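Novice: Sharing a structure here in structure tokens format.
Every number in this text was worked out from the coordinates using simple rules, so none of it is lab data. Since this is a predicted model, take the numbers as computed values, not measurements. Neighbour counts are summed over all protein chains in view; Cβ atoms, including those assigned to glycine, are modelled from backbone coordinates with ideal geometry.
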Amino acid sequence: MNLHLDWQGVLSGQPLQWIVNGYLTTLWVSLVGALLATLLAILLLFLRLSGNRLAVRGVALWVSLFRNTPILVQFLFWYFSAWNLLPRVWRDWINADHPGALLPGDVGWLTPEFLCSAWGLGIFISAFLVEELSAGLYAVPDGQREAALSQGFTTAAALRWILLPQGLANAWQPVAGQYLNLMKLSSLASGIGFAELTYQVRQVDSYNAHALEAFAVGTVLYLATGLLLGLIFSWLGPGQRIKDGVR
């Protein structure tokens, strides 16, 4: 079989627009999902550290529920079930045209698909982040907290300036891995399932029969983004900054 890849065909016109728009949608969904996951993880961490029995059990339930439910099932739930539970006036407002509803790259954020995707990703990844952060925090020696308290730090100040930075340093690699995982999952979220993904592929294929090239271009874009994010997380890691300071 003589396989000929005509890159000029896929890198022009409507197919290129579909590929780039899907890529930009993934990046924006990843960004919003990461921000939401971070805020939720911080809130859950403080609830777990509060010592309140009800709060601790609530965090444990959150982690168990969202870590152990397949991500595709969660996406389908948020989009097809939870979305329909919203008041009709809210759904009509979201579906209406609004100024400022487009992000750079002509990516619409005020849509059921975008909102449900970002929300689902944030919820899912927050359950992993709070576990990684907790593990890093518990790995800090008890002597660090006792030393801080003996030097006049309050419990809150010791947590803010001593324990949390060291806990984050301990958990940096797994935390960075969760953010990278979020970016990978966002491509699934933006499709809300396999049917939407296959529909987009058929669109490219029916336009000029270059679905293979389209997949190749998309794969390169996502691979390059993942490698770049990995390098950024490695550079931002506390351990790397310490090494740079020693040099």
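Novice: Give me, ordered by chain and number, the residues 5 or more places off Val107 or on other chains with an amide H under 5 Å from its own placed amide H.
Specialist: Under 5 Å from the amide H of Val107 lies no amide H from a residue far enough along the sequence or on another chain.
Novice: Which distance in Å, rounded to a whole number, links the C-alpha centroids of region 91-133 and region 144-183?
Specialist: For region 91-133 versus region 144-183, the Cα centre distance is 29 Å.
Novice: While we're on this one: Want the number for Trp161 to Asn84: 0.36 nm per residue separation, take away the alpha-carbon distance, what's left?
Specialist: 23.3 nm is the gain from fully extending Trp161 to Asn84.
Novice: Sticking with this structure for a sec: Cut-off is 10 Å between beta-carbons; in what order do Val59, Val107, Val140 appear when sorted fewest neighbours first?
Specialist: Val140, Val107, Val59
Novice: Which distance in nm do the two modelled labels at Leu231 and Arg57 give, with both placed 7 Å along the Cα-to-Cβ direction?
Specialist: 5.0
Novice: Could you line up Val63, Val20 from fewest to most neighbouring Cβ atoms inside 10 Å?
Specialist: Val20, Val63
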